[in-house]
Amino acid sequence: MTPQTVVLPESEMRVLHLTHSIDPARGGISEALRQTVLAKGMRHQVLTLDAPGAPWLADFPAHVYALGPTGGYGWTPRLLPWLHTHGAEHDAWVVHGLWQYHGLAVRQAARSLGRPYFVVPHGMLDPWFKRRYPFKHLKKWLYWPWAEYRVLRDAKAVLFTSEEEEAAAADSFKLYRARAAVVGLGLALDDTAQASTAAAFLQAYPALQGRRLVLFLGRLHPKKGADLLLQAFAQVAAGDDTLRLVMAGPEHAGSAATLQAAAAALGIAHKVVWPGLLQGTLKWSALRAAEVFVLPSHQENFGMAVVEALATGLPVIVSQRVNIWREIVADGAGWAGPATAQATARMLQTSLALTPPQRQLAGAQAQRCFQRRFHRNAVMQRWCQALTDHG
């Protein structure tokens, strides 16, 4: 069937976002999707395979259809009938994430109904996964030719968050074919974020009063390089009792205990705080309280937490495996280097040695980088253009 082309004013475009889960503990897709649906220019709704009563659905800022619960692959007999019944109520479907059933179901329904669909990989085509998890990559290769390759090939466009991500995607699998568009991801500070100060976080953790804080904010997943940061901090903080490292984020498969043991072995356990997942006021307050944000990831498709730091005027240290590192360095908003403990330590030493005027300038440059490249309004203009051009 020949796909129907729908051309509507941007303010009237009805977009259905489909994802496996919007649980914030699962990582960046949840926050990226939250920020996307808050943007003006389209009418957003979300279909998720979460259970209808999942607690994180209650405050999600868009109407959510929850068809779960499902297993890890996300298969459910409810999805295809739902798309055939309700899919025509939306002008475009946007699949978030790869390697799960909702992408395959969208392709099948879109071909039947002649609806345009788009795919946002969220970094799931990065070659790092091939090197880090070769057995999983083999399983994905068996799945690729008859499923995911076709999902990407038949999409109206594959929407990437950076030019680095687009370039890397083509190296993951043979037979790769996709119409690519780089649209980015963005955010805007809500009232809670704008009103935040360091006080709330320091009141929650009074032992940090008067200390210089280095902040890690993200899942404690091996790809995030948290172990590298611990090693780097141990080098920089030796003999300096003013420094504290805040390792904020949910653990992954027992990772917290492993990292805490590593901190103890490095002799810095008393200088590291583990507050778990920070959200809302405490998250923004932690960003206000910190002197520098550090994310030495081995692979990072975008880095929403990095952008949150920039938005608050907090300079950042990232590895050159964080796909927005070039923009950060170009704007003087922080530092980037190899994903090693040595490189991270050098950058951390440089940032902590800034004079107050230099630190103020770095903060101002961080905010300018955010406004120019990552503010939600600017990003949504690119989304609207991509969906209109390819729709």
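Cβ-Cβ below 9 Å, separation at least six or inter-chain, first residue in the stretch 271-292 and within 25 Å of ASP241 (Cβ to Cβ) and among the polar types (S, T, N, Q), second part of a helix (DSSP H, G or I) and open to solvent by less than 60 Å² (accessible area, probe 1.4 Å): which pairs?
So the pair list comes out as SER285/ALA199; SER285/ALA200; SER285/PHE201; SER285/LEU202; SER285/ALA204.
Across the stretch 212-228, which residue is nearest to GLY276 (Cα to Cα) among those that are out of contact with any His (no Cβ under 9 Å at 6 or more places or on another chain) and modelled with pLDDT of 95 or more?
LEU217
Hey, could you check the stretch 312-324 for residues that are surrounded by fewer than 24 Cβ atoms within 10 Å (Cβ to Cβ) and within 19 Å of ALA378 (Cβ to Cβ) and say which is nearest to the chain's Cα centre (by Cα)?
Top of the filtered list is THR312.
From PHE135, PHE201, PHE160, grab the single residue that is among the aromatic types (Phe, Trp, Tyr) and loosely packed, with under 15 Cβ neighbours inside 10 Å.
On inspection, the qualifying residue turns out to be PHE135.
Given the conditions (1) in a loop (DSSP other than H, G, I, E, B); (2) modelled with pLDDT of 95 or more; (3) in contact with a strand residue (DSSP E or B) (Cβ under 7 Å, 6 or more places away or on another chain), report the number of the one that THR197 does not fulfil.
Against the list (1) in a loop (DSSP other than H, G, I, E, B); (2) modelled with pLDDT of 95 or more; (3) in contact with a strand residue (DSSP E or B) (Cβ under 7 Å, 6 or more places away or on another chain), THR197 comes up short only on (3).
Against the condition outside any loop (DSSP other than H, G, I, E, B), in contact (Cβ under 8 Å) with a residue 60 or more places away in the chain and farther than 21 Å from ILE29 by Cβ, how does LEU215 come out, does it pass?
Yes.
What's the number of the only condition in (1) assigned to a loop (DSSP other than H, G, I, E, B); (2) of a type in the set (Ser, Thr, Tyr); (3) within 26 Å of GLN371 (Cα to Cα) that THR192 fails to meet?
Unmet condition: (1).
Name the residues in the stretch 235-255 that are more than 21 Å from LEU287 (Cα to Cα) and assigned to a helix (DSSP H, G or I), would you?
GLN235, SER255
Yes/no per residue for (1) touching a helix residue (DSSP H, G or I) at 6+ places or on another chain (Cβ under 8 Å); (2) buried (at least 16 other Cβ atoms within 10 Å of the Cβ); (3) at pLDDT below 95; (4) on the phi < 0 side of the Ramachandran plot:
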{"position": "SER11", "(1), (2), (3), (4)": "no, no, yes, yes"}
{"position": "ILE29", "(1), (2), (3), (4)": "no, yes, yes, yes"}
{"position": "THR36", "(1), (2), (3), (4)": "yes, yes, yes, yes"}
{"position": "LEU49", "(1), (2), (3), (4)": "yes, yes, no, yes"}
{"position": "GLY53", "(1), (2), (3), (4)": "no, no, yes, yes"}
{"position": "LEU67", "(1), (2), (3), (4)": "yes, yes, no, yes"}
{"position": "GLY71", "(1), (2), (3), (4)": "no, no, yes, yes"}
{"position": "GLY74", "(1), (2), (3), (4)": "yes, yes, yes, no"}
{"position": "PRO77", "(1), (2), (3), (4)": "no, no, no, yes"}
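The values are calculated or read from the model by the stated rules, or taken from the named source; none is laboratory data. From a predicted model like this one, the values you see are computed outputs, not experimental measurements. Please note: Cβ atoms are built from the backbone with ideal geometry, for glycine as well, and neighbour counts cover all protein chains shown. With ligands, DNA and RNA removed, areas are computed over all heavy atoms of the protein, side chains included. Shrake-Rupley method; radii C 1.70, N 1.55, O 1.52, S 1.80 Å.
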